Amino acid sequence: MSLTDDDDLSETPSSEDNKAATHSDTGRAGLILAGGRSERFPTIDKALAPLDGAPLLRCVADALSPAVDELIINCRQDQQAAFAKAVDDDPRFAIDPVADRGPLAGLRTALSATEATYAAILPCDMPFVPAGFIEYLFGQAQNKTGAVPCVGGQQRSLPAVVHVRAAAAACETAHNHRDGGLAAFISALDPIVVSERTVTAHVDAKAFTDIDTHEELAAIREVSHRAEQ
Ligand SMILES: Nc1nc2c(ncn2[C@@H]2O[C@H](COP(=O)(O)OP(=O)(O)OP(=O)(O)O)[C@@H](O)[C@H]2O)c(=O)[nH]1
């Protein structure tokens, strides 16, 4: 499938489709990539590391939930039980058939688990992206292959809102690419890039902070502790 920004990707479900709608047959999915090994975050899976009393995974799920109709967590089989306990809602899980194949493989697994037309994608370590900004990205992605923000002078791969079928095709293209990562995926998807000026009008740049180490998490805790005083 070849898609460009000019392609109209709108899908108008028939009344038959609507009658047959199930929990997974929704307009907007939220996909959380959480199948990494957290090697820079020793002794604990960073998705379970607490921030203000809640595991990072729950912070991300709580932020995403208001903007989506269904939540899907992508991870390894051995993470599922702990992750199910960590989040408040009752998310679906998309389990990697083969572990440790990287975020792009995780994304393919997550995309194949939803019937939604559009999906927001977040990593498990980016807890401050507000639902309002995800809603904004859904609006920008409408009838396009997707939308990503420009932050710090760079187009980001995540967070992203993507057209699910276009994204699945872009995963295949990226898979055959030399680096085979999320950057190759975004390049193949060719989404709308929301300018930095527009991004900063909607949200603080801190919203896109991701947490890779204990030191980074401690620094964030320190800032929020000071803000409370
Ligand atoms: N499904 C899946 N997700 C992954 C994989 N590797 C990384 N991710 C996810 O992709 C996102 C970005 O990855 P990183 O920030 O590098 O996380 P990580 O690989 O767990 O961390 P390090 O091991 O310290 O590099 C995180 O949400 C990870 O959970 C993988 O092999 N499979």
inquiry  = Every residue in the range 70-84 that is in contact with a strand residue (DSSP E or B) (Cβ under 8 Å, 6 or more places away or on another chain) and assigned to a helix (DSSP H, G or I), please.
reply    = Gln77, Gln80, Phe83, Ala84
Meets criteria (within 21 Å of His163 (Cβ to Cβ), away from the ligand (no atom under 16 Å from the Cβ) and in contact (Cβ under 8 Å) with a residue 40 or more places away in the chain) for Asp69 = yes
note = Sole miss for Ala61 among (1) within 9 Å of the ligand (Cβ to nearest atom); (2) part of a helix (DSSP H, G or I) is condition (1)
Close pairs (8 angstrom Cβ cut-off, 6 or more residues apart or separate chains): assigned to a helix (DSSP H, G or I) in the range 211-222, surrounded by fewer than 15 Cβ atoms within 10 Å (Cβ to Cβ) anywhere = His214/Pro42; Arg221/Asp52
message = Give me the residue from the range 88-130 that is in a strand (DSSP E or B) and within 16 Å of Arg37 (Cβ to Cβ) and, out of that set, nearest to the ligand (Cβ to nearest atom).
response = Pro123
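Laboratory data are not the source of any read-out in this text; all were calculated from the coordinates shown. Computed from a predicted model, the values in this text were never measured in an experiment. Glycine gets a Cβ as well: all are built from the backbone with ideal geometry, and neighbour counts include every protein chain shown.
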